[in-house]
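The values are calculated or read from the model by the stated rules, or taken from the named source; none is laboratory data. Everything numeric here is computed off the predicted structure, so don't read it as measured data. Counting neighbours? That spans all protein chains shown, and the Cβs are built from the backbone with ideal geometry, glycine included.
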């Protein structure tokens, strides 16, 4: 993917349908400086929209309310992918989820390859949840179901 796209291609939608480490970039609401957060509760609505869930107390929410332009990056398909768009809070609370989470929706304006020239990612990053696997699986299911409905 060398050119700039205006929507996610099917390959990237598939990658984002499983739990993927995604780096979210916003501008800090107080200082205006760039900030980055790792997130994993990401759901692609379609090629032009995606949603993610964050704690209601997260600074991410204030950042987006002040400056809605965001970028998200993730490894997949042998490269680093960057998504650019405008974010808004689509649900202040996700129902049927035991944690107090908000749902953010991003309208995608551009998708680009962000890997440096002449390189390919040979192994995508992985992570391990450090709490009870059954509890994690249950919570993940609740969050993803709620985001689909948000």
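Just a few scattered comments:
- From the list 110, 87, the lone residue that is closer than 27 Å to residue 5 by Cβ, in contact with a helix residue (DSSP H, G or I) (Cβ under 8 Å, 6 or more places away or on another chain) and modelled with pLDDT of 95 or more is 87.
- Every listed requirement among (1) within 19 Å of residue 147 (Cα to Cα); (2) over 12 Å from the mean Cα position of the chain (by Cα); (3) assigned to a strand (DSSP E or B) is met by residue 109 save one, (1).
Yes/no matrix, rows are residues, columns are (1) farther than 29 Å from residue 5 by Cβ; (2) at pLDDT 95 or above; (3) in contact with a strand residue (DSSP E or B) (Cβ under 9 Å, 6 or more places away or on another chain):
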{"position": "34", "(1), (2), (3)": "no, yes, yes"}
{"position": "60", "(1), (2), (3)": "no, yes, yes"}
{"position": "63", "(1), (2), (3)": "no, yes, yes"}
{"position": "70", "(1), (2), (3)": "no, yes, yes"}
{"position": "74", "(1), (2), (3)": "no, yes, yes"}
{"position": "104", "(1), (2), (3)": "no, yes, yes"}
{"position": "127", "(1), (2), (3)": "no, no, yes"}
{"position": "141", "(1), (2), (3)": "yes, no, no"}
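- Every residue from segment 8-18 that is loosely packed, with under 15 Cβ neighbours inside 10 Å and either touching a helix residue (DSSP H, G or I) at 6+ places or on another chain (Cβ under 7 Å) or touching a residue at least 60 places away in the same chain (Cβ under 8 Å) (or both): 9, 11
- Selection over segment 123-146 of residues that are surrounded by fewer than 10 Cβ atoms within 10 Å (Cβ to Cβ) and farther than 19 Å from residue 23 by Cα gives a count of 4.
- Flag for residue 38 being surrounded by fewer than 19 Cβ atoms within 10 Å (Cβ to Cβ), modelled with pLDDT of 95 or more, touching a helix residue (DSSP H, G or I) at 6+ places or on another chain (Cβ under 9 Å) and over 21 Å from residue 150 (Cα atoms): no
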